[in-house]
Amino acid sequence: MSIKDELLELALQIAQQAGRLLVDRPASWELTSKSTAIDIATQMDMASEKLIVSAILAARPADGIIGEEGAERSSQSGYTWVIDPVDGTVNYFYGLPGWNISIAVKDTEGVVVGVVHSPTLDSTWHATRGGGAFLNGTKIACNDPVELDRALIATGFAYDVKDRVNQLDLVKVLLPKIRDIRRIGAAATDLCFVGAGIIDGYIETGLKEWDLAAGALIATEAGAVVTTHQWRGMWLSVAAGAHLHEQLMREIPV
């Protein structure tokens, strides 16, 4: 078994374990505010990250870790795990579908393995660098070519409400020119939806490494173009098939 296969097998096992923990929703909530009052973590975010980190270190104690909820460990092996223990915490808190566990592994050249597991959607996406992308074991491909006026685009909005003014400019420009917009509520799920052809494109500001790592690899291995660049003082990420990606980039307001 190659190192990529070993890492993938471990990531899949751990994501499933975290999923089983999270579907057992608590009777009451302990909420912690992070960057703003509406950017929250629950006790289950913490418990999921603890489970994931413990499982990684039990199997691969020399690996590094970057976790959304604060887990940080330098790599001594050349491999670092990038984890979002509950991507889409607001969905999870409200009992809405689409939240996921996102687990990626990177080396010095970029992300090697990506797994996104969404229990409420009965969906597990995975990819290895150069090995294609899969949904529940079936190979996937993004929609391409798609014209802008037929494109179903997903987006999301910042926790910092000041940034939403700029994000609304994007919506104002795009909405009259596309099929429609969807707000799914979990970045990794949005990226996987692009890869699986469930939506045509995705555009959002402010994504962190743990939001992008696994989902971007999956979308890319499914044939999509995923880019992130500076825009109005924020990072703007765009994911779509090559034809639509080019059109979306042309529409971004200055």
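All of the numbers you see were taken from the coordinates with simple rules; none came from a lab. In this text, all values refer to a predicted model and were calculated from it rather than measured experimentally. We place every Cβ from the backbone using ideal geometry, glycine too, and count neighbours over all the protein chains shown.
If you line up the long axis of helix 3-23 against the longest principal axis of the chain, both from Cα atoms, how many degrees apart are they, to the nearest 10?
Roughly 90 degrees between the two axes.
Apply the Karplus parameterisation 6.51 cos²θ - 1.76 cosθ + 1.60, with θ equal to phi minus 60°, to every residue of the stretch 31-46 and state each ³J(HN,Hα) to the nearest whole Hz, in sequence, with x for glycine and proline.
Karplus-based 3J(HN,Hα) across the stretch 31-46 equals 10, 10, 7, 10, 5, 9, 5, 9, 9, 10, 10, 10, 4, 7, 4, 5 Hz.
Residue-wise, which Karplus ³J(HN,Hα) couplings in Hz belong to the stretch 49-63, taking 6.51 cos²θ - 1.76 cosθ + 1.60, θ = phi - 60°, and x for glycine or proline?
5, 4, 4, 5, 4, 4, 5, 4, 5, 5, 8, 9, x, 8, 7
Hey, what angle do you get for helix 209-221 against the long axis of the chain, alpha-carbon based, 0 to 90 degrees rounded to 10?
That works out to roughly 70 degrees.
Measure up LYS34/LYS177; LYS4/LYS139; LYS106/LYS162; LYS106/LYS172; LYS172/LYS208; LYS34/LYS172 against 27 Å on the Cα-Cα distance and list the ones that go over.
Cα-Cα > 27 Å for LYS34/LYS177; LYS106/LYS162; LYS106/LYS172; LYS34/LYS172; rest within.
Just ASP122, ASP211, ASP45 to compare: in a GNM of the chain, with alpha carbon springs under 10 Å, which one fluctuates most?
Taking springs between Cα atoms under 10 Å, the residue moving most is ASP122.
Give me Rg/Rg_expected for the stretch 148-251, where Rg uses Cα atoms only and Rg_expected = 2.2 N^0.38 Å with N residues. Write down the numbers at each step before the final one.
Working: Rg = 12.3 Å, N = 104, 2.2 N^0.38 = 12.8 Å.
It is 0.96.
For the stretch 30-135, which GluC sites (Glu not before Pro) pass both filters: DSSP loop (anything but H, G, I, E, B) and at most 14 other C-beta atoms within 10 Å?
Working: sites: GLU30, GLU49, GLU68, GLU69, GLU72, GLU109; in loops: GLU30, GLU68, GLU69, GLU109.
For GluC sites (Glu not before Pro) across the stretch 30-135 that sit outside H, G, I, E and B with at most 14 neighbouring Cβ atoms in 10 Å, the list reads GLU30, GLU109.
Using alpha carbons only, how many angstrom separate the centre of the stretch 1-68 from the centre of the stretch 148-183?
The two parts, judged by their Cα centres, are 30 Å apart.
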